[in-house]
Amino acid sequence: MKNIIITGGAGFIGSHVVRLFVNKYPEYNIINLDKLTYAGNLANLKDIESQPNYRFVKMDICDFDGVYALMQECKVDGIIHLAAESHVDRSIKDPFTFARTNVMGTLSLLQAAKLYWESLPEGFEGKRFYHISTDEVYGALEMTDPEGVEPPFTTKASSGQHHLAYGTKFFTEDLKYQPHSPYSASKASSDHFVRAFHDTYGLPTIVTNCSNNYGPYQFPEKLIPLFINNIRHRKPLPVYGKGENVRDWLYVVDHARAIDVIFHKGTIADTYNIGGFNEWKNIDIIKVLINTVDRLLGRAEGEDMDLITYVTDRAGHDLRYAIDSSKLQRELGWEPSLQFEEGIEKTVKWYLENQEWMDNITSGDYMKYYSDMYDNR
Ligand code: NAD
Ligand code: DAU
C-alpha cells in the first residue's frame, strides 16, 4: 500500500485517522479528500499539515469525474471512506443532502475505484475500499434487565458506580438492518452499495459499523462538545425527552486504531462492529460533564446542574445502542485502550484548553479562513 485516499479527513473522526496514518506510516502518501462542508475544519489537522506524506484536496465525493481523475493521478491503492453528512438532527430537517452525499457520494467513489483499478494490469490485487459506517443502521435495542449478562458488557467502570449494560441484546454483525432516521437510512443504503460492489464486481471492500465516538475535534452540534461548551458559558443544556436514551461511547483515537488494524488485516468482504462496551444513559453522561467542567474550572462540583433543560424529544429517537465488538477483539486483537472516565477527563480538558478552536467554529470564522485558502482542487 502506498497511496491512500482518506475521504472526510477534515472532519472529527477522519482527522484522527489522517493524523494516525501520516505519523505512523511515513512511507504512505495520505491524500485527504474533503469538500469542507460546515463539518470540515482543516484546523483539526494543523499539527500534521506540513508533513511531506500529506496532501489535502478540496473535492466533493459526488463529483465523479474529479474523484476518478484524482484516483488516476495519485495512483490510489487504498480508500478509507469517512466523508458523510453525520448529524441525525440535520437529517430530520434535510434528508436530501444525506441521500446525496452518503448514498450518491459513496456510489461515485465505488464506481471510480472500480473503473480505475480494473484498468490496471494487476486489477484489484492488493487494493482496498474500506467504508466507515455506523451502528445506527441496526436500529434501536430494547432496555431490559441485564441480569446474567457477562463481562465485558457488564464490567464496572473503575469508580464502581456505573453499570455498563442496559439490556441483554447487543448489535452483532449478522443483525438485520433496521434504520430509523434519514441519516441511518442513508448510511444503510451506502453499506448495501459497498457490499453490492463486492458481490457483483469483486471490488475488495470492507465495512465497519461503529458506536458513538467522543474526543477532541468533534463538531459542537453533537452532545458532548456542545454540552461542554454550554456548561463553560453557563448556557442551557437541551436534554431530549427524559435523557434516558442509551449510547455506547468509544474514544475517537480507539476508533482510529481499529480502522488502522482493520485496513491492514481485515478480511475482504467482511464486516466488523466497533464499540467500547461502554453504555451510558444521556442524563448520566451529562451529569459527569457538569461535574468535570465545574471541577476543572474551579467551580463547586455540580453547581451547574440547574442548566439541565428537558426539551421536546428528537423525532424517532432510538432508545438504546450497544455494540458487540467481540469479533474484532477475537479475530484482530483490537480492544479499547481507554476507560471512559479517563477518556472523558482528557476530552473535557482538551475542549477547555482549546477554546480558540471552539470560538472559531461558533463564530463561523473557520469557514471563511479555509474557503479563502483553497480553490476547488
Ligand atoms: P463529521 O461530520 O465530523 O465529518 C464529516 C466530514 O466529511 C467533514 O470533514 C465534511 O467536510 C466531509 N464531507 C461531507 N460531505 C462531503 C462531500 N460531499 N464530499 C467530501 N467531503 C464531505 O463526521 P464524523 O463524526 O467524523 O463521522 C465520520 C464518518 O464516521 C461518517 O461516515 C459517519 O457516518 C461515521 N461514524 C461516525 C460516528 C460518530 O460517533 N461520530 C460513529 C460511527 C460512524
Ligand atoms: O452511534 C453512532 C452515531 O453517533 C454516529 O453514526 C453519528 O454520526 C453521531 O452523530 C452519533 O449519533 P447520535 O445521534 O447518537 O449523537 P448525538 O451526539 O447527536 O446525540 C447523542 C445522544 O444525545 C442522543 O440520544 C441524542 C441526545 N442529545 C443530543 C443533542 C445534540 C440531546 O439530548 N441533546 C442534544 O442537544
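Some observations on this one:
- Annotation for segment 46-126: trypsin sites (Lys or Arg not before Pro) lying in DSSP loop with at most 11 further Cβ atoms inside 10 Å of their Cβ are Lys46, Lys75.
- Dividing the convex hull volume of the alpha carbon atoms of segment 40-165 by its residue count gives 214 Å³ per residue.
- Spatial offset of segment 195-229 relative to segment 2-69 amounts to 15 Å, using the alpha carbon center of each.
- Segment 172-205: trypsin sites (Lys or Arg not before Pro) in DSSP coil with no more than 12 other Cβ atoms inside 10 Å: Lys176
- Within the shell of other residues whose beta carbon sits under 14 angstrom from the beta carbon of Glu345, the net charge comes to -2, with Lys and Arg scored +1 and Asp and Glu -1.
- Taking the square roots of five times each eigenvalue of the Cα gyration tensor of segment 185-312, the equivalent ellipsoid has semi-axes of 37, 16, 11 Å, listed largest first.
- The value of relative contact order for segment 30-178, using C-alpha pairs under 8 Å at least six residues apart, is 20 percent.
- Contact order normalised by residue count of segment 254-341, Cα under 8 Å, 6+ apart, percent: 47
- Judged by the ratio a/c of the largest to the smallest principal axis of the C-alpha gyration tensor, segment 237-315 counts as oblate, that ratio being 1.5 or greater while a/b is no larger than b/c.
- Using C-alpha pairs under 8 Å with a sequence gap of at least 6, the mean separation divided by the residue count of the chain gives a relative contact order of 18 percent.
- Scaled against the 2.2 N^0.38 Å expected of a compact globular protein of N residues, the Cα radius of gyration of segment 168-220 reads 1.40.
- Unsatisfied cross-links (Cα-Cα over 31 Å) in the set Lys24/Lys58; Lys2/Lys46; Lys58/Lys187; Lys281/Lys368; Lys2/Lys35: Lys281/Lys368
- Residue with peak Gaussian network fluctuation, the chain [Cα springs, cutoff 10 Å], from Pro52, Pro121, Pro220: Pro121
- Under the shape rule built on the C-alpha gyration tensor, where the axes satisfy a ≥ b ≥ c, segment 241-377 is oblate, since a/c reaches at least 1.5 while a/b does not exceed b/c.
- Positive-end residue of Phe227, Ser133, Gly202, charge dipole of segment 121-255 with Cβ unit charges: Phe227
- Cα-based reach from Lys127 at 14 Å (exclusive), listing aspartates and glutamates while leaving out same-chain residues under 8 positions away: Asp77, Glu118
- Whole-number D in µm² s⁻¹ for the chain, Kirkwood Cα-pair radius fed into Stokes-Einstein, 37 °C, 0.692 mPa s: 154
- Shape of segment 6-109, Cα gyration tensor, a/c cut at 1.5: oblate
- Counting only DSSP H runs of at least 4 residues, each contributing -39500 (n - 2.57), and dividing by the residue count of the chain, the helix-based mean residue ellipticity at 222 nm comes to -11500 deg cm²/dmol.
- Kirkwood's formula applied to the C-alpha pairs of segment 134-234 gives a hydrodynamic radius of 16.7 angstrom.
- Carbon-plus-sulfur accessible fraction, the chain (probe radius 1.4 Å, protein heavy atoms only): 51%.
The values are calculated or read from the model by the stated rules, or taken from the named source; none is laboratory data. Predicted, not measured: the structure shown is a model, and the values here were computed from it. Virtual Cβ from ideal backbone geometry, glycine too; neighbours counted across all protein chains shown. Just so you know, the surface numbers come from the protein's heavy atoms only, side chains and all, with ligands and any DNA or RNA stripped out. Shrake-Rupley method; radii C 1.70, N 1.55, O 1.52, S 1.80 Å.
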